[in-house]
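Each remark here refers to the structure printed beneath this line.
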Amino acid sequence: MSDAIRAAEEFLAAHWSPTADAVEWYERVVDERWSALRWPTRWYGRDLSDEQATAVESVFSRAGAPGPGQDTYNLWAGTMNAFGNDALKEQFLRRLLLDEVAMCLLYSEPGAGSDLAGLRTTAVRDGDEWIVNGQKVWTSGARDAEYGMLIARTDWDQPKHRGITFFWFPMKQDGVEVRPLRQATGDARFNEVFITDARVPDTHRLGDLNGGWWVLQTALAYERVAMGGSRRGTGATRGATALAHGRIPSPDTSLHELARSVGKAGDANIRQQLMRLHCMRTVNDWNGARATAAAKAGSSSPLASLGKLAMANILHYAGHLQGALLGMEGTLDGRQNPRARDANYSQLNAYFYSIGGGTDQIQRNIIGERILGLPKEPEVDRDVPFRDVSVGGAGRHRSIS
Ligand SMILES: Cc1cc2nc3c(=O)[nH]c(=O)nc-3n(C[C@H](O)[C@H](O)[C@H](O)COP(=O)(O)OP(=O)(O)OC[C@H]3O[C@@H](n4cnc5c(N)ncnc54)[C@H](O)[C@@H]3O)c2cc1C
């Protein structure tokens, strides 16, 4: 037995109880360096290899103890760990691992979604700071966010992917106006963000000047691993990932219960569909384990795209099944019809997985090019200085580094 496994077992024997106070437990897991096992010991990790880390995570999982694995799914902390300077890490890493910093993603713009490298929000250097102007859209959680991960154009004379810089951007300042957008589900979780002469210190830059596209690839890889669902039930802290985009989907077991409660648990057709859903989830969990192993320190793995696409299919399938189980009742809605309201919500909310974090079509492009080895999508503006690229011209999508 390895030292790491023995130490994990001793830690759990000394401290874990299913009735432990959640806040105290997560603090202990983070402070005693069990939450991000592959990271350096200086930054809350244990410098373990992926194989050792996976073995230790299994020890926690078998004990039913949440906490480890944040090095593979915590988008904010993972990006900070990979690209933040020491001062930023001192300031934020622990709070991020404890999910104490409300964050948002300032990527998409009215003219730059799939073609994210077409962004036009600008950051201009002013001494030790940058002045930011532009508009972002579909920004989940922006109203409460303390900071946003912002990509902005810092050099218009470089080709589109090369003139972008990545910032840890303070949201609570003059010059940042957040306007909520109403979603099909009735929620208003995402927003427009108007940025006018707002400031961000150069010390809040992640990665190199004009090297933001590569930082973004790491951040997107974390998002896809999380949205692929591979970390389901293994102890994610509250909202540490892109799951903040929508309500966390209900597991299959609730559909089994629903089937029983509407008297359809014995229906052969329904049983087949429940089983199919279970198989889809199980296979996706296996793919998720592969994607997590491949992503390790946050490198961009196309397997995460496979998982994200599969999870979108699973949620659409589950939503339709939930509606079908209710039959005519599923056409109702409103507070007085909670089961129908829940089914309607599931069906609409499934679209957040098909669009947020890169659409299904974009994931298919990645899978085609990087897994199946199909020819690359034509790209006429890759080497053209960005100021010469026409607005709305042929573009390249957010997903290919
Ligand atoms: C619930 C939700 C939460 C979100 N949260 C955030 C957030 O917090 N921060 C943020 O920055 N963004 C967020 N987004 C935005 C999201 O990332 C974008 O909506 C997404 O990337 C698509 O961009 P777009 O809406 O501009 O569509 P477009 O890029 O205009 O795409 C329109 C259609 O064309 C297809 N398409 C485009 N290019 C290609 C191509 N090359 N090949 C094949 N098909 C293509 C797309 O698949 C899509 O069907 C969120 C979106 C949703 C739905």
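The values are calculated or read from the model by the stated rules, or taken from the named source; none is laboratory data. The model shown is predicted, which means the values in this text are computed figures rather than measured ones. Heads up, the Cβs are rebuilt from the backbone with ideal geometry, glycines too, and the neighbour counts pull from every protein chain shown. Side chains included, ligands, DNA and RNA excluded: accessible areas come from the protein's heavy atoms. Shrake-Rupley method; radii C 1.70, N 1.55, O 1.52, S 1.80 Å.
When K264, K136 are compared by accessible area of protein heavy atoms, the largest-first order is K264, K136, using a 1.4 Å probe. The alpha carbon centroids of region 317-388 and region 52-114 are separated by 24 Å. Residues in region 63-172 average 31 Å² of solvent-accessible surface per residue, probe 1.4 Å, ligands and nucleic acids excluded.
Take the Cβ atoms of S17 and N313, set R0 to 51 Å, and the FRET efficiency comes out at 0.85. Taking the protein heavy atoms of the chain in the context of the full set of protein chains, the accessible area attributed to carbon and sulfur is 52 percent at 1.4 Å.
Accessible area of D31 (1.4 Å probe, protein heavy atoms only, ligands and nucleic acids ignored): about 80 Å².
If you sort C104, C279 by accessible surface, 1.4 Å probe, largest first, the order is C279, C104. As a calculated quantity, the FRET efficiency between V283 and L332 at R0 = 30 Å, using C-beta atoms, amounts to about 0.35. Placing a label point 7 Å from the Cα of R42 along the Cα-to-Cβ line, the residues of region 201-231 whose backbone N sits under 20 Å from it are 203-208. Classify region 1-159 from the C-alpha gyration tensor, please: rounded if a/c falls under 1.5, else prolate or oblate depending on whether a/b exceeds b/c. In terms of gyration-tensor shape, prolate.
In terms of accessible area, using a 1.4 Å probe and ignoring ligands and nucleic acids, K172, K160 rank largest first as K172, K160.
Among residues other than F11 with Cβ under 9 Å from its Cβ, the summed charge is -2 (Lys and Arg +1, Asp and Glu -1).
With contributions of -39500 (n - 2.57) from each DSSP H run of at least four residues, the per-residue ellipticity at 222 nm computed over the chain stands at -13500 deg cm²/dmol. First select every other residue whose beta carbon is under 13 angstrom from the beta carbon of S58; then total the charges, Lys and Arg +1, Asp and Glu -1. Overall, the nearby charge balance is -3. With the whole protein complex present, H161 retains an accessible surface near 10 Å², based on a 1.4 Å probe. Once a ≥ b ≥ c are taken as the square roots of the eigenvalues of the Cα gyration tensor of the chain, is the result rounded (a/c under 1.5), prolate (a/b larger than b/c) or oblate (a/b not larger than b/c)? Oblate is the answer for the chain, as a/c is 1.5 or above yet b/c matches or exceeds a/b. Extension gain, E177 to D128: 0.36 nm times the residue separation minus the Cα-Cα distance gives 15.3 nm. In the complete set of protein chains, residue-level accessible area for Y26 is approximately 40 Å², probe 1.4 angstrom. Derived scalar couplings between HN and Hα for region 132-142 equal 10, 9, x, 9, 10, 8, 6, 7, 5, x, 5 Hz in order, rounded to whole Hz, by the Karplus curve 6.51 cos²θ - 1.76 cosθ + 1.60 (θ = phi - 60°), x for Gly and Pro.
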